[in-house]
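So the structure is just underneath, and the comments pick up after that.
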Amino acid sequence: MSAHQELERSLTSAWRTNNRVTIDLIERLPKELWVADVPGIPRRTIRAIAAHLHNARCRWINTLGREHGIELPPRVDQHRVTQKQLAAALKQSGKAMESLFALASDAGELPPSKAYVWRNLSLDLAHVVTYFIAHDAHHRGQIVMAARQTGHRLPSAVHGRLWRWR
């Protein structure tokens, strides 16, 4: 296996771990927390933050990959999505992200896209994967913090699984 192939395999594996950890958190959140308001953010619930993870992926897939044939998963309703529905949606968007990563790996970086006008993200595979892992981790942290702030400290069995990376 070439060094390039090994890097792609390793980064994709890291993404899969990240996605698994995110889905696991969503599935294990206490039901009462799912609809809890996030302190300091008017009209924003834990459900909305969690839905944003999937919907942001969908927007990026649309921007960077749709033009190159990557199928766009449907977005979810941040006001109505259930934990089970979101977990399934995150599995779909996770796979679509892997297609985006494969596209970046095949070409050395993501090929140009007419829809990508913001240009804030370097399009080589390592930057693309780490950007999306950081995005998920940021919002997982928001969810954990909001749980604490609303008096719903997550059980150690849930919180501890955030660090089960093997």
Is it true that H52 is part of a loop (DSSP other than H, G, I, E, B) and either out of contact with any Leu (no Cβ under 9 Å at 6 or more places or on another chain) or open to solvent by 50 Å² or more (accessible area, probe 1.4 Å) (or both)? no
When segment 18-44 is examined, which residues are found to be at pLDDT below 95 and of a type in the set (S, T, N, Q)? none
Open to solvent by 20 Å² or more (accessible area, probe 1.4 Å), over 15 Å from V129 (Cβ atoms), touching an Asp or Glu at 6+ places or on another chain (Cβ under 9 Å) and of a type outside the set (G, A, S), is that true of R43? yes
Qualifying positions in segment 73-101 - outside any loop (DSSP other than H, G, I, E, B), open to solvent by 30 Å² or more (accessible area, probe 1.4 Å) and not charged (D, E, K, R): Q85, A88, Q92, S99
Output the residues belonging to segment 102-142 that are part of a strand (DSSP E or B) and open to solvent by 50 Å² or more (accessible area, probe 1.4 Å). E109
Selection from segment 146-166 of residues that are without any contact (Cβ under 8 Å) to a residue 40 or more places away in the chain and of a type in the set (S, T, N, Q): S156
Check whether at least one residue in segment 124-135 is over 12 Å from the mean Cα position of the chain (by Cα), free of Cβ contacts under 8 Å to residues at least 12 places away in the same chain and farther than 18 Å from R16 by Cα, and report yes or no. no
Among the numbered criteria (1) β-branched (V, I, T); (2) within 21 Å of T12 (Cβ to Cβ); (3) in a helix (DSSP H, G or I), which single criterion is violated by I70? (3)
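The values are calculated or read from the model by the stated rules, or taken from the named source; none is laboratory data. The structure presented is a predicted model; accordingly, all values stated were derived computationally and were not measured. Using ideal geometry, Cβ is built from the backbone for each residue, glycine included, and neighbour counts are taken over all protein chains shown. Heads up: the accessible areas ignore ligands, DNA and RNA and are worked out on the full protein's heavy atoms, side chains in. Shrake-Rupley method; radii C 1.70, N 1.55, O 1.52, S 1.80 Å.
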